[in-house]
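Structure record follows, encoded as structure tokens.
Throughout, read-outs are computed from the coordinates displayed, never taken from laboratory work. Since the structure is predicted, the reported quantities are computational estimates derived from the model, not experimental observations. Heads up, the Cβs are rebuilt from the backbone with ideal geometry, glycines too, and the neighbour counts pull from every protein chain shown.
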């Protein structure tokens, strides 16, 4: 059996450091999109979306307004 790899895939698990970086970026600019966060962190947009979903579930962040013109609010206790 022969396996071909088209590229190196970096393991992207949500770490405490990653969540702290996302929170710091959102505190600085709550209007950042998932794509912008992914670019700044050097990770995939799907990983950022997954991290944001978990942060919303733990109520560390909240989305205010619609997707296109809304913004993120970081809760004080996060």
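Quick look at the numbers
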{"item": "Computed label-point distance, nm, for sites residue 54 and residue 1 using a 7 Å Cα→Cβ extension", "result": "3.0"}
{"item": "Cα gyration tensor shape for region 16-74, rounded if a/c is under 1.5, else prolate or oblate", "result": "rounded"}
{"item": "Relative contact order for region 16-74, counting Cα pairs under 8 Å that sit 6 or more residues apart, in percent", "result": "35"}
